[in-house]
Structures are given as structure tokens and as C-alpha cells.
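J.: Pasting a structure below so you can have a look.
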Amino acid sequence: MKKGLAIALILAGALTTAAMAQSQGEVTSLRGAVDLPDTTPAAPVLKQSKPATGFARAYRQQPPLIPHSVDGYQVTGSFNKCMSCHSWPQNAQYGAPKVSETHYSTREGTDLDEISPRRWFCNQCHVPQADAPQLVPNAFKNAREMEGAFSQ
């Protein structure tokens, strides 16, 4: 009983703080100025973007970014839509990059003919890119931009 009361008080305090901050213009919801019970039009579907030179990597071991939409791609325990184009030998037919050889070995180093189960769910590491405004300010610098910053 005491635990439930404590949780209720914490939630009430958090909601009050959020409401006060929003009334002062400090917090902006991604929904805009719309109450929760109200509905808003669906957000526009953002166009996938790919620079002519491809995506630069921010650090040496960064997984490649996905330059196309993956909406509706099915990945289950027995089927992976990505492998329709990116596994060998289909990659040559579709002009898609072949999955790295590192994805064909187990943790113990055993080479496999199929993608390793630990590499099966592509979106664990690879993410699609879209033309979208930043949600928050970002001052990220990649490794090359940081070169020399620590040499002094």
C-alpha cells in the first residue's frame, strides 16, 4: 500500500513539473501543442537520402548505413528480407554490397555457409538514413574531425 502511494506521489510530482516546464516554454512535445486524447495527422514519410559518394563513417568500425527504405522488411527467425539482395551470390544480380565475411562465422570462429545467427538481425547494427531535421542540437564530431584534438 505504501509503495503504491509513493509511486502515485512521484508520478504526480513529475506531471506537475512537466506541466510547469511546458507552460514556461521549456519542453516541446514531438506531437506539438496537442493534448494526448486528441489526434493529429500522421507525420510525413521522410525521403531516404543517399549522397552520391555514399555515407561517410564517423569511426573506423562503424557498420555501414542503409541508403534505402526498410519499411515493411520482414526479419524472422527463418527469413531475412535483407539477404534477398545482400547475400552471396544474389548481391551480384542486384548490384548490392555483399554481407561482410565476418557475418559468416560463429563466435568461436567456425566458418558457415549461411549468415551466422548472431548477425541475423541487421537493424541491431545497421540503420537507415533519412532527410530529417535534428530533434535536438548536436555538436557531434567524428574521429577525423577530432584528430589533433588530443595531441597537444
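The values are calculated or read from the model by the stated rules, or taken from the named source; none is laboratory data. Since we're looking at a predicted model, the values are computed, not measured. Every residue, glycine among them, receives a Cβ derived from its backbone with ideal geometry; neighbour counts consider all protein chains shown.
J.: Take the conditions at pLDDT 70 or above, more than 21 Å from the chain's Cα centre (by Cα) and either exposed (fewer than 10 other Cβ atoms within 10 Å of the Cβ) or assigned to a loop (DSSP other than H, G, I, E, B) (or both) and apply them to Thr28. Does it pass? Walk me through how you get there before you give the answer.
T.: Details: at pLDDT 70 or above: no; more than 21 Å from the chain's Cα centre (by Cα): yes; either exposed (fewer than 10 other Cβ atoms within 10 Å of the Cβ) or assigned to a loop (DSSP other than H, G, I, E, B) (or both): yes.
Criteria not met by Thr28.
J.: How do the pairs read when you match residues in segment 81-101 that are among the charged types (D, E, K, R) with residues anywhere that are part of a helix (DSSP H, G or I), using Cβ under 6 Å and keeping only pairs 6 or more apart or on different chains?
T.: As it stands, the answer is Lys98/Asn91, since those pairs meet every condition given.
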